[in-house]
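The structure appears right after this line, and notes come after that.
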Amino acid sequence: MFDSRTKARSLAFLFIAGAVAGLLAVVLPVEAPVAEGTVLAVAALTVTLGLALLRFGARISDPLWHVALAVATIVLSLMVHFTHQTTLYALLYMWPALYAFIFFSTPAALAHLATSARRTRRS
């Protein structure tokens, strides 16, 4: 239905948006203390992953898309943990779930949604 280039661009933008959200937590004043160094490191890794998807996304096989989306969910979990912004960042878990429902089959999307829901409860 969708080609690899479209999947790659969409997931890359999801990675980069997560990095921007983490950077905003460092730059803007917040109530809870933020582990700035760790958030910046995770943001740098996330941008690198996003750029790698933009560059090599056309070569990724179908099973690896699920792994890449799981990594995106894990990165969001790290951002939530290190910024201590559980209320705001819980909304970010909707992004991987929406991506899954757009690009994957319904059973696979439900599995990703269950993973996101489980991570939200832990935060």
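The values are calculated or read from the model by the stated rules, or taken from the named source; none is laboratory data. These numbers come from a predicted model, not from an experiment. Cβ atoms come from the backbone with ideal geometry, glycine included; neighbour counts cover every protein chain shown.
Some notes on this structure:
- Restricted to the stretch 94-123, and to residues there that are among the small types (G, A, S) and not in a helix (DSSP H, G or I), the residue that is modelled with the lowest pLDDT is S123.
- Inter-residue pairs, beta-carbon under 9 Å, first more than 19 Å from L45 (Cβ to Cβ) and in the stretch 1-15, second modelled with pLDDT under 90 and among the charged types (D, E, K, R), 6+ apart: S4/R59; S4/D62
- Tabulated pairs, the stretch 97-116, first more than 14 Å from A72 (Cα to Cα), second of a type outside the set (A, V, I, L, M) and outside any helix (DSSP H, G or I), C-beta under 8 angstrom, 6+ apart or interchain: I102/F2; F103/F2
- Selected residue (criterion: surrounded by the most Cβ atoms within 10 Å (Cβ to Cβ)) from residues of the stretch 57-73 that are without any contact (Cβ under 8 Å) to a residue 24 or more places away in the chain and part of a helix (DSSP H, G or I): V71
- When G50 is tested against (1) surrounded by 20 or more Cβ atoms within 10 Å (Cβ to Cβ); (2) modelled with pLDDT under 90; (3) within 12 Å of the chain's Cα centre (by Cα); (4) not β-branched (V, I, T), only condition (2) is not met.
- Residue-level check: of (1) surrounded by 15 or more Cβ atoms within 10 Å (Cβ to Cβ); (2) out of contact with any helix residue (DSSP H, G or I) (no Cβ under 6 Å at 6 or more places or on another chain), S4 misses just (2).
- Residue match in the stretch 13-25 (condition: over 15 Å from W95 (Cβ atoms) and touching a Ser or Thr at 6+ places or on another chain (Cβ under 8 Å)): yes
- Which listed residue is assigned to a helix (DSSP H, G or I) and closer than 28 Å to D3 by Cα, from L91, L40, L78: L91
- Once the stretch 7-37 is narrowed to residues that are of a type in the set (G, A, S) and assigned to a loop (DSSP other than H, G, I, E, B), the residue that is surrounded by the fewest Cβ atoms within 10 Å (Cβ to Cβ) is A32.
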